[in-house]
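Some notes on the structure that comes next.
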Amino acid sequence: MSSSWNSVGLEVLYQVIGWIAFAAWSFSFYPQVVLNYKRKSVVGLNFDFLVLNLTKHSSYLIYNAALFFSPVIQKQYHDKFGDKEMIPVAANDVAFSVHAVTLTAFTLSQVLIYERGNQKVSKVCISITAVVWTAAIVCLIVAWPKSNWLWLIDIFNTIQVLMTAIKYIPQAVMNFRRKSTTGWSIGNILLDLTGGVLNFGQMGVQSIDQHTLVNFYGNIGKTLLSLEVVFFDVIFIIQHYVLYPVKRDENGKAIISERVAPLIRPLDKPEEDSV
C-alpha cells in the first residue's frame, strides 16, 4: 500500500508552509548579492563560508533530486522504512536546492570581480572541500556495483549536514575578530532563520498527519539542517544587534572601525550598512 495524506487540510498546509520556506530561504541569498553590488566590495564576507556553502548546497541538491525523482531510490526508501511512509522530500526542497546552488555560485563570481582586500580562501577550507568530494567519489564507486543508491544519497545528506555545521564558523569568527558585521548581510540571516523555522514546521505537519516521527529520522539531514540554521542565525543576530551594533554618523551612514587590521585592507571612507 503506497503512502498518502490522511487530511486534505494538513496536506494543503504542508505545501503552503513548504513554499513559504522555499521563498524565505531563496530570497535570503539576495540581500548579500545586492549588498556586494552596492558596495562593489566583498570585504567582510568570508570566502570560506561561500566555498563550504557551495559544497553544502550541491550535496543537498544531489540528495533531494535523487530521492524526489528516482523510483529506484524511492523503492529502497520504502523497503527500509515501510511502504506506508511518505517520501520526506517535497518539490519545494528540490526547487530550493537548485536555486541555492545557482545563487551561491553567482555570489562566488562576485568575489572575482569586486574589491576583496587581502581576503582569500583558507588552506583549511580548500583541504576540507577536497577531502569531502574525494570521499563522495569513493562512496560512489563503492555503491555502484550493488546499486546502493539510498546509502549513497544518505552520504550526501550527511555531507550537507556537516557542511552546515561548519560553514558558518569562519564568518562568525571573522565577525568576532573584526568586532563588526559590516559586509555580512543581516537580511540574509533573518530570511534564513525564517526558512529554517518553517522547514521544521513543515516536517511537523507531515508527522502529525502520518502519526509518526519517521519523517524526522528518515530525513535526518533536513531535521538537523533546520536546527543548525536556527542555532547559527541566532548567533549572527546577537552579533549584529547586541555585540557589534552599527554606529552611524550624522548622515546616517555606518562608521566602520576595524580592530583587526590584517584581515582586510583599510578603507578610506565609511561603507553603507548591511541590507
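3J(HN,Hα) along segment 46-59: 6, 6, 4, 4, 5, 5, 5, 5, 5, 5, 4, 6, 5, 5 Hz, from the Karplus curve 6.51 cos²θ - 1.76 cosθ + 1.60 with θ = phi - 60°, whole Hz, x for Gly and Pro. Panel note: the C-alpha atoms of segment 2-87, placed on their principal axes, show extents of 53, 29, 15 Å (largest first).
Each 10 Å bin, from zero up to the one with the longest distance, holds this percent of the alpha carbon pairs of the chain: 6, 28, 31, 20, 11, 4, 0. A crude spin-label estimate for the pair Ile169 and Ala130, with each label 7 Å from Cα along the Cβ direction, gives 1.9 nm.
Multiplying the residue separation of Ile237 and Asn6 by 0.36 nm and subtracting their alpha-carbon distance yields 79.3 nm. The C-alpha atoms of the chain define a longest principal axis, and helix 8-27 lies at about 30 degrees to it. On the basis of the beta-carbon distance and an R0 of 25 Å, Ile141 and Phe69 show a calculated FRET efficiency of 0.65.
Evaluating 6.51 cos²θ - 1.76 cosθ + 1.60 at θ = phi - 60° for every residue in segment 150-163, the Karplus couplings come out as 5, 4, 5, 6, 5, 4, 5, 5, 5, 4, 5, 5, 5, 5 Hz, glycine and proline recorded as x.
For the pair Tyr114 and Tyr37, label points projected 7 Å from Cα toward Cβ lie 1.0 nm apart.
None of the figures in this text is laboratory data; all of them are computed from the coordinates on show. What you see is a predicted model, and the numbers here were worked out from it, not measured in a lab. Note: ideal-geometry Cβ built from the backbone for every residue, glycine included; neighbour counts use all protein chains shown.
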